[in-house]
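J.: Next up is a structure, given as structure tokens.
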Amino acid sequence: MTVWRMVFQGFDPDDEGRREALCTLGNGYFATRGAAPESVADGVHYPGTYVAGCFNRLTTDLAGHRLEDESIVNAPNWLPVTFRIDHDPWFTLERAEIVEAEQELDLQRGILIRRLRFRDHRRRTTRLVQHRLVHLAHPHLAGLHTTLQPEDWSGTVTVRSGLDGTVANSGVARYRDLAAHHLIDHHITEASPELAVLDALTSQSHVRLALAQRNRLLADDSLQPTRVTDLGEGRVDHEFAAEATPDMQIQLEKVVSLHTSRDPASTEPVSEAIDSARDAPGFDELCRTQAIAWSRLHHQFSTTTSLSEPARRTLLLHRFHLLQTASPTITDLDVGLPARGLHGEAYRGHVFWDELFVLPVLDLRLPRLSRALLRYRYRRLPRARRAARQAGLTGAMFPWQSGSNGREESPSWHLNPRSGHWLPDHTHLQRHVGLAIAHSARHHHLATGDDDYLSSEGAELICEIARFFSALATYDRSRDRYVIRGVVGPDEYHTAYPGNDEPGINNNAYTNIMAAWLCATATQVLRELPDQRRRELIDQIDLRRHEMDRWDRLAHRMFVPFHDQGLLSQFEGYHRLAELDWDAYRRRYGDIQRLDRILEAEGDDPNRYQVSKQADVLMLFYLLSAEELEELLGRLGYPMVDIPGNVEHYLARTSHGSTLSAVVHAWVLARGDRPRALEFFDKALFSDLHDTQHGTMAEGIHLAAMTGTLDLVQRCFTGIEIRPDGLHLNPQWPTDLGPLELTVRYHGLPLTIRVTGRAVAVRTAPGPPAPTITCVCGPQRTHLRPGETARFSMDATPATDSAGEPL
Ligand code: BGC
């Protein structure tokens, strides 16, 4: 088996949700779960299709509260294909005796293949092979090719292929008390005997979605489909009848197009869908061009390692899902990065701070994609300004959960499935999301050297977020320092002090230190702008001298909580909370990743304990190098922290209730404790594939954790760090894992980096004269011109700088 094939054997109803999410096919514009084409949402199967950025709001009256939720809409299902023999019931997996079942995800070409051999209740054996794609280069097109082969019977086969608009958002059990029917006003249009269109409207956002299907039965050209409308409103089917004999192959080619009223370059979606489906090439041609489009994209992301085959395959799987969610198509769209991909309905398709774990990866490979995702934020800057104003502050307050227009979409209540209780949700107080956006904007500029980005959008975004944090911080006279009160840090287990009705905690170390970082960065970014543009921006956003002076004071006088020498307090008072008896909880419950739910179900409260859901303080070591942190703390007048001491302290108090946690822990351990770093790397690598969060995979992938594993290889183990003075390298790749080679883009130039243990070679691509690239490795600094190679070793001094040699 090649590393490019992900194969799932058999059919296990309990595991079908995970498999569907992992076998999702998408192209950035839309994605469809890997559900069986004949299935309906029934608790085992969930054939969801999601169009990026297509949201709708519904209200629900729940326990005396009126809740308004915005969700990514489950679009009409384009998959339905089933058949029956004579007048027997229609085929479903549950009705058949399965002899062989295999599903193969071809990661190289972006094709999902299903092979099935089954027997029906009359002991007739049939083979079914289906190939499916969602086209990467033609973002409105998808296809499903079905081959049906009787082994030992003859009879009349009726094949039915349809579009089903009677779907709802019912993919997440926890949301089942909430309103779920987003689609109204269904219409069916018959454009030609083989081409039918279903369109529907989202009830509140008024996005019209149109899907057209073109069905052809390839066994017999003379067969024309019969349109069937007797299955109820909101659904259209084509049926074909053919006489089948043993070993004959009956082939149905279904080509589907999907358009919406949000599309650029479009009149209205029904006629666009008709045109696309009618003009689409046949399925074989779609497969051919799909393979070409994927090959191009894979090439831009290639990484060579000698990791084990399962590890390499899983990294390819992660890359595949990243690029299906953030494909080149998104550069034309107004979409953000949904935390759970376009793979399911968890978190309602919302956009969180998770892009912090994704954009740096794209910055070094496909920077136009990270720029497009940053533009999602930039477009919502006016809304973030309004939110800050409404909170009595200035600048831009970005929402913790974002959807269509950038309004705060965090739910005000959430269900603890363990206790069945609906609980007030204060996680929207995670103001640090703005810090993540500013950090991503800064990284994008440093990695790409794209001054146009900084001038046109980046600097404004960074300054407005800095302005917000500056307004959020208040001066504490007794300390002569600035403090930030009433927030929630990355660890969502702490949303209030025990027994306190007022939500929020004070002086989250991560938030405060990153706010100081941001104030210094905003000042620096303004300095980097050309004079004329700086003056314009200052005028444009009406930035006053006293505001910039305050940034400077915050960069020097922000309060940082410590509770011991060198040991940061996650927030003020954290160390006075009770210690949890971790062993007792592990013994009692086994899996304690979601300690918050366990404690609440026991009538207790995670706010009472020194327990963290995920890395919080340690995020600082994830985002900042030791040198940067030392400089930052030094400027604030604090001594450098003890990094290994903090890692040990918080690691012992973290339940890893978020998949992000393993990525960050692998990262922060990579320098000091490589074996443990590799354990966390493995955990992060297999958390979605093996659904180690027990059931959450069925609801969508964890895109940031998946991408985080790519970044562990790309930036952490290579020790790539982008700083204002150049590309820093500090390789940490275990020698016994063989060489690691990847080609990144830095300041617009391809750089091939080859790491072996603690040695690294960097080669620039040959080409016309270009600005030199500065590479820094420890005390060694080299300026590379096109076609040159530099070699560094962290173990050996002096540097073996051999510019000009082949790699
Ligand atoms: C984590 C957040 C994350 C969100 C979406 C939550 O479980 O605590 O940090 O942003 O999932 O992935």
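J.: Condition first: within 27 Å of Val351 (Cβ to Cβ), over 19 Å from the mean Cα position of the chain (by Cα) and either free of Cβ contacts under 8 Å to residues at least 24 places away in the same chain or within 16 Å of the ligand (Cβ to nearest atom) (or both). Can you find one or more residues in segment 674-687 that meet it?
T.: Yes: one or more hits.
J.: Out of segment 623-640, which residues are more than 15 Å from the ligand (Cβ to nearest atom), assigned to a helix (DSSP H, G or I) and either crowded, with 21+ Cβ neighbours inside 10 Å or among the aliphatic types (A, V, I, L, M) (or both)?
T.: Selection gives Ala626, Leu629, Leu632, Leu633, Leu636.
J.: Kindly evaluate Ala615 against the criterion of being buried (at least 19 other Cβ atoms within 10 Å of the Cβ) and out of contact with any Ser or Thr (no Cβ under 7 Å at 6 or more places or on another chain).
T.: Here the answer is no, as Ala615 does not meet what is asked.
J.: Hey, among Leu364, Leu322, Leu342, Leu315, which residue is surrounded by fewer than 22 Cβ atoms within 10 Å (Cβ to Cβ) and on the phi < 0 side of the Ramachandran plot?
T.: It is Leu315.
J.: Just the residues that are in contact (Cβ under 8 Å) with a residue 40 or more places away in the chain and part of a loop (DSSP other than H, G, I, E, B), please, taken from segment 597-622.
T.: Asp605, Gln610, Val611, Lys613, Gln614, Ala615, Asp616, Val617, Leu618
J.: Mind checking which pairs have a first residue in segment 360-382 that is aromatic (Phe, Trp, Tyr) and a second that is part of a helix (DSSP H, G or I) and buried (at least 24 other Cβ atoms within 10 Å of the Cβ), Cβ under 6 Å, 6 or more apart or different chains?
T.: Tyr378/Leu461
J.: Can you name every residue in segment 345-380 that is away from the ligand (no atom under 12 Å from the Cβ) and in a loop (DSSP other than H, G, I, E, B)?
T.: Those that are away from the ligand (no atom under 12 Å from the Cβ) and in a loop (DSSP other than H, G, I, E, B): Glu345, Leu364, Arg365, Leu366, Arg380.
J.: Residues in segment 714-726 that are among the β-branched types (Val, Ile, Thr) and either within 16 Å of the ligand (Cβ to nearest atom) or in contact with a Lys or Arg (Cβ under 9 Å, 6 or more places away or on another chain) (or both): how many?
T.: So the answer is 1.
J.: Among residues belonging to segment 695-713 that are touching a Lys or Arg at 6+ places or on another chain (Cβ under 8 Å) and part of a helix (DSSP H, G or I), point out the one that is nearest to Asp14 (Cα to Cα).
T.: Going through the qualifying residues, I end up with Ala698.
J.: How many residues, within segment 99-146, are of a type in the set (S, T, N, Q) and closer than 23 Å to Gly162 by Cα?
T.: 4
J.: Next up: Can you confirm whether segment 480-502 contains a residue that is part of a strand (DSSP E or B), of a type in the set (Ser, Thr, Tyr) and touching a Lys or Arg at 6+ places or on another chain (Cβ under 8 Å)?
T.: Yes, the conditions are met somewhere in segment 480-502.
J.: In segment 110-120, what residues are in a loop (DSSP other than H, G, I, E, B) and buried (at least 18 other Cβ atoms within 10 Å of the Cβ)?
T.: Answer for segment 110-120, where residues must be in a loop (DSSP other than H, G, I, E, B) and buried (at least 18 other Cβ atoms within 10 Å of the Cβ): just Gly110.
J.: Specify the residue that is surrounded by the fewest Cβ atoms within 10 Å (Cβ to Cβ); the eligible residues are those in segment 529-554 that are within 30 Å of Val617 (Cβ to Cβ) and in contact (Cβ under 8 Å) with a residue 40 or more places away in the chain.
T.: It comes out as Arg553.
J.: Taking segment 153-193 as the region of interest, how many residues are among the β-branched types (Val, Ile, Thr) and within 35 Å of the chain's Cα centre (by Cα)?
T.: Going through segment 153-193 one residue at a time, the tally reaches 5.
J.: OK, next. Can you tell me which of Val487, Val483 is in the same structural domain as Ala396 (by TED's automatic domain parsing), under 12 Å from His432 (Cβ atoms) and of a type in the set (A, V, I, L, M, F, W, C)?
T.: Answer to the check: Val487.
J.: Continuing with this model, one more query. List the number of the failed condition for Glu627; all other conditions in (1) at pLDDT 95 or above; (2) assigned by TED's automatic domain parsing to the domain that holds His414 hold.
T.: (1)
J.: Which condition number in (1) of a type outside the set (A, V, I, L, M, F, W, C); (2) outside any loop (DSSP other than H, G, I, E, B); (3) buried (at least 22 other Cβ atoms within 10 Å of the Cβ) is the one that Asp688 fails?
T.: (2)
J.: Looking at Leu435, Leu333, can you tell me which residue is on the phi < 0 side of the Ramachandran plot and surrounded by fewer than 21 Cβ atoms within 10 Å (Cβ to Cβ)?
T.: Leu333
J.: Does segment 328-336 contain any residue that is within 16 Å of the ligand (Cβ to nearest atom) and either in a loop (DSSP other than H, G, I, E, B) or over 24 Å from Thr49 (Cα atoms) (or both)?
T.: Yes, some residue in segment 328-336 is within 16 Å of the ligand (Cβ to nearest atom) and either in a loop (DSSP other than H, G, I, E, B) or over 24 Å from Thr49 (Cα atoms) (or both).
J.: Still on this model: Which one of Asp552, Asp604, Asp542, Asp581 is over 32 Å from the mean Cα position of the chain (by Cα) and not assigned by TED's automatic domain parsing to the domain that holds Tyr510?
T.: Step by step, each of Asp552, Asp604, Asp542, Asp581 is checked, and only Asp604 is over 32 Å from the mean Cα position of the chain (by Cα) and not assigned by TED's automatic domain parsing to the domain that holds Tyr510.
J.: Could you check how many residues of segment 295-316 are among the polar types (S, T, N, Q) and either free of Cβ contacts under 8 Å to residues at least 12 places away in the same chain or part of a loop (DSSP other than H, G, I, E, B) (or both)?
T.: 4
J.: Another question about this same structure. Please verify whether Gly657 is over 27 Å from Cys519 (Cβ atoms) and within 16 Å of the ligand (Cβ to nearest atom), treating the condition exactly as stated.
T.: So Gly657 passes the test.
J.: Based on what the data block shows, is Thr511 under 23 Å from Phe352 (Cβ atoms), away from the ligand (no atom under 16 Å from the Cβ) and outside any strand (DSSP E or B)?
T.: In short, no.
J.: List the residue pairs whose Cβ atoms are under 7 Å apart, where the first residue sits in segment 693-706 and is farther than 13 Å from Gly171 by Cβ, the second is part of a loop (DSSP other than H, G, I, E, B) and among the aliphatic types (A, V, I, L, M), and the two are 6 or more positions apart or on different chains.
T.: Note: pairs meeting the criteria are Leu703/Leu337; Leu703/Ala339; Leu703/Val358; Ala704/Ala339; Ala704/Val358.
J.: Still on this structure: Mind listing just one residue for me: the one in segment 399-424 that is of a type outside the set (Ser, Thr, Tyr) and in a strand (DSSP E or B) and, of those, surrounded by the most Cβ atoms within 10 Å (Cβ to Cβ)?
T.: Leu415
J.: Which one is farthest from the ligand (Cβ to nearest atom), of the residues in segment 641-654 that are of a type in the set (A, V, I, L, M) and assigned to a loop (DSSP other than H, G, I, E, B)?
T.: Among them, the one singled out is Val641.
J.: Tell me yes or no: at least one residue of segment 51-67 is modelled with pLDDT of 95 or more and not in a strand (DSSP E or B).
T.: So far as segment 51-67 goes, no, none of its residues is modelled with pLDDT of 95 or more and not in a strand (DSSP E or B).
The values are calculated or read from the model by the stated rules, or taken from the named source; none is laboratory data. From a predicted model like this one, the values you see are computed outputs, not experimental measurements. A quick note on method: Cβ atoms are made from the backbone with ideal geometry, for glycine too, and the neighbour counts reach across all protein chains shown.
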